1. Can you tell me which residue is surrounded by the fewest Cβ atoms within 10 Å (Cβ to Cβ) among those in region 170-186 that are of a type in the set (A, V, I, L, M) and closer than 15 Å to Ser199 by Cα?
2. Residue check: is Ser199 in contact with a Gly (Cβ under 7 Å, 6 or more places away or on another chain) and farther than 30 Å from Met1 by Cα?
3. In the list Glu51, Glu28, which residue meets the criterion of being over 25 Å from Met117 (Cβ atoms) and in contact with a Leu (Cβ under 9 Å, 6 or more places away or on another chain)?
4. For region 31-68, enumerate the residues that are among the hydroxyl-bearing types (Ser, Thr, Tyr) and assigned to a strand (DSSP E or B).
5. Which of the following residues is among the hydroxyl-bearing types (Ser, Thr, Tyr) and within 16 Å of Leu251 (Cβ to Cβ): Ser217, Ser173, Ser199, Ser226?
6. Among all residue pairs at least 6 apart or on different chains, which show Cβ distances below 9 Å where the first residue, located in region 3-32, is assigned by TED's automatic domain parsing to the domain that holds Val70 and under 16 Å from Val92 (Cβ atoms) and the second is of a type in the set (Asp, Glu) and part of a helix (DSSP H, G or I)?
7. Restricting the first residue to region 178-196 and requiring it to be under 19 Å from Ala210 (Cα atoms) and at pLDDT 95 or above, which pairs with a second residue that is in a helix (DSSP H, G or I) and not polar (S, T, N, Q) meet a Cβ separation below 6 Å and a spacing of at least six or different chains?
8. What's the total number of residues in region 4-19 that are farther than 22 Å from Leu76 by Cα and surrounded by fewer than 19 Cβ atoms within 10 Å (Cβ to Cβ)?
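The values are calculated or read from the model by the stated rules, or taken from the named source; none is laboratory data. Owing to the predicted nature of the structure, the values given are computational and were not obtained by experimental measurement. A quick note on method: Cβ atoms are made from the backbone with ideal geometry, for glycine too, and the neighbour counts reach across all protein chains shown.
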Amino acid sequence: MKITILGAGNMGLSFSKSFLKYELTEPENLHLIIRNPARFTKITEEFPKSEISTFDQLKELKADIIILAVKPQDFLHLAENFRFKLKEHQMVLSIMAGIKIEKIQKALNHPTVVRAMPNAPTFLGMGITGYTAAEGIPFSQLMNIERLLNSTGRSVYLEDEGLLDGVTALSGSGPAYFYYIVDAMIKAGVEMGIQENLSRLFVKQTMLGAYHLINNSDRSLEELISDVASKGGTTEAALNTFNEHTLKDILKNGILNAEKRARELNG
C-alpha cells in the first residue's frame with residue numbers, strides 16, 4: 001500500500017511511524033510532504049528510505065491513500081495549489097479538525113474521502129480516533145483505513161459526521177484538559193512545600209492509578225468519588241470548593257466551546 005502524507009508534522013510523523021512499525025506499508029512506499037524546508041534533513045534522517053518532498057515540489061501523487069494532515073486553516077491554500085486530478089482508486093483520509101467531507105470533496109474534486117479525528121497519544125500507539133466516511137466507499141477500503149488508524153491505538157466508526165466535531169472537542173483536545181488539571185495539582189503541591197519533582201511524581205502516579213481504577217471497576221464515577229470522599233474529610237473539603245466555583249460546569253462549557261470552534265473551522 002502506497003501512502004502519501006501531506007503535512008508531515010507531529011501527527012503525520014506519528015502516523016508514519018505506526019504504519020512502518022506494524023508493516024502496513026514499506027518505507028519505500030511512504031511519501032512525506034513537509035511545509036518547512038528546514039525540517040527536510042531531520043525527517044530524511046528519521047525516514048531514510050522514504051521519499052521526502054516540500055509543498056513547492058508537489059506533483060502527481062501515486063499513492064493509494066493520501067492523508068491530509070495540514071492545519072485546517074491551511075487547507076484551502078493547499079487545495080488551490082493542487083494542480084492535478086486524483087485518480088478514481090485513490091482515497092483521501094483527512095485528519096484535519098473541523099473540515100467537513102463535502103468541503104474536501106469540492107476542493108479536491110474527488111469523491112472518495114474519509115474524515116478522522118485522532119489525538120496526541122497516537123504518538124505512543126495509545127490514541128483513539130473517531131472516523132466517518134463519504135457515501136459509497138466499499139467496506140474493504142474502509143477496513144484498510146481502520147487498520148491504519150488502529151495501528152495508532154483504537155478507532156471508532158461514526159455514522160453521523162456531525163458527531164466528529166464533538167469527538168474533536170472531547171478526545172482530540174482532551175489530553176490538554178488533563179495536562180491542565182495535572183499542572184494545577186503539581187503547582188498546589190509546590191505551594192504546600194513539596195519539592196516540584198516529588199509533587200510531579202505524586203500527581204502522575206495518582207493519575208495513573210485513578211485511570212486503572214476507572215478502567216477495572218464496575219462502580220460508577222460517583223461511587224468511586226464517594227469511596228475517597230469521607231464525610232467531613234479532606235477530599236470533601238476540596239470537592240466542596242470545586243462545586244462552589246462550578247468547576248464541573250466550567251470544564252463542560254470549555255469542551256462545548258471547543259466543539260463550537262471545530263464547527264467554525266469549516267468556514
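1. Among those that are of a type in the set (A, V, I, L, M) and closer than 15 Å to Ser199 by Cα, it is Ala184.
2. Values: in contact with a Gly (Cβ under 7 Å, 6 or more places away or on another chain): yes; farther than 30 Å from Met1 by Cα: yes.
Yes: the conditions hold for Ser199.
3. Working: Glu28 fails: in contact with a Leu (Cβ under 9 Å, 6 or more places away or on another chain).
Selected residue: Glu51, the only one of Glu51, Glu28 that is over 25 Å from Met117 (Cβ atoms) and in contact with a Leu (Cβ under 9 Å, 6 or more places away or on another chain).
4. The initial filter retains those residues of region 31-68 that are among the hydroxyl-bearing types (Ser, Thr, Tyr), namely 41, 44, 50, 53-54.
Passing the criteria: Ser53, Thr54.
5. Numbers: Ser217 fails: within 16 Å of Leu251 (Cβ to Cβ); Ser199 fails: within 16 Å of Leu251 (Cβ to Cβ); Ser226 fails: within 16 Å of Leu251 (Cβ to Cβ).
Going through Ser217, Ser173, Ser199, Ser226 in turn, the sole match is Ser173.
6. Hits for this filter: Gly7/Asp74.
7. Val182/Val203; Met185/Val203; Ile186/Arg200; Ile186/Val203
8. 1
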